[in-house]
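The values are calculated or read from the model by the stated rules, or taken from the named source; none is laboratory data. All of these numbers come straight from a predicted model, not from anything done at the bench. So basically every Cβ, Gly included, is an ideal-geometry build from the backbone, and we count neighbours across all protein chains shown.
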Amino acid sequence: MTIIISAVVSFVIFLGVFSYMMGVFDPPPPEDAAETQAADESGSSASTSQDYVSKYGEAAAAVEQAQQSQAIDTIAEVALLDQRRKEIEAEERKLAKERKELEALRAEVEDLMNKKQAIAEEKLSYIAKLLDAMKPDEMSGLIASLDNATIMDVLPRMKPQTASRVLASLPPERAATITMELIRSEGTLNTP
């Protein structure tokens, strides 16, 4: 679109320069025979017609030179635009490739995170089963040495009777804290 507009502007400028150089805007030469005869007698007639010829020749040369210069500029602009278009297309291809690689990496990371989550769930379920199988006096010593976060992860996976014994074996303040945290963190309550 820019090329078309620049071509139209160039043509209008060329037309104006050509018209000016060709004398379109100059007053016409005298047509009266008396003026022509007076000009012949003074000897300026030959120089006047020669002035017109040289003026028009110079104008034509100037117009031709302007056209060539504009043509070269237009060709250079087209070549530059074509090069820029190719660079943009190459960059778009590169970005599309990188986007695919990122999507593949994201899928791989999500897969690994899901596997890690599954392994953690298996471990917590296994620990819950071990605690379920323990005698209350054995379990109370072990539970007392675990941190609250671990107890909160294991407790929902235990049988309700065993979970109540775990809470009963803890000091009342600690049992209350764990119970309140379990209530607040609804996402961790994954009962089987």
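The figures follow:
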| item | result |
| --- | --- |
| In the stretch 61-80, the residues that are out of contact with any helix residue (DSSP H, G or I) (no Cβ under 8 Å at 6 or more places or on another chain) and β-branched (Val, Ile, Thr) | ILE72, ILE75 |
| Matching entry among GLU35, GLU58, GLU89, GLU64 (being at pLDDT below 55 and either closer than 30 Å to ILE5 by Cβ or surrounded by 12 or more Cβ atoms within 10 Å (Cβ to Cβ) (or both)) | GLU35 |
| Candidate set from the stretch 146-164 (those that are more than 48 Å from the chain's Cα centre (by Cα) and assigned to a loop (DSSP other than H, G, I, E, B)); member that is nearest to ALA176 (Cα to Cα) | LEU146 |
| Flag for GLU77 being surrounded by 10 or more Cβ atoms within 10 Å (Cβ to Cβ), touching a residue at least 40 places away in the same chain (Cβ under 8 Å), within 29 Å of the chain's Cα centre (by Cα) and within 29 Å of THR2 (Cβ to Cβ) | yes |
| Condition check for ALA104: under 30 Å from ILE178 (Cα atoms), among the hydrophobic types (A, V, I, L, M, F, W, C) and surrounded by 10 or more Cβ atoms within 10 Å (Cβ to Cβ) | no |
| Residue within the stretch 129-143 that is more than 29 Å from the chain's Cα centre (by Cα), assigned to a helix (DSSP H, G or I), hydroxyl-bearing (Ser, Thr, Tyr) and assigned by TED's automatic domain parsing to the domain that holds PHE18 present | no |
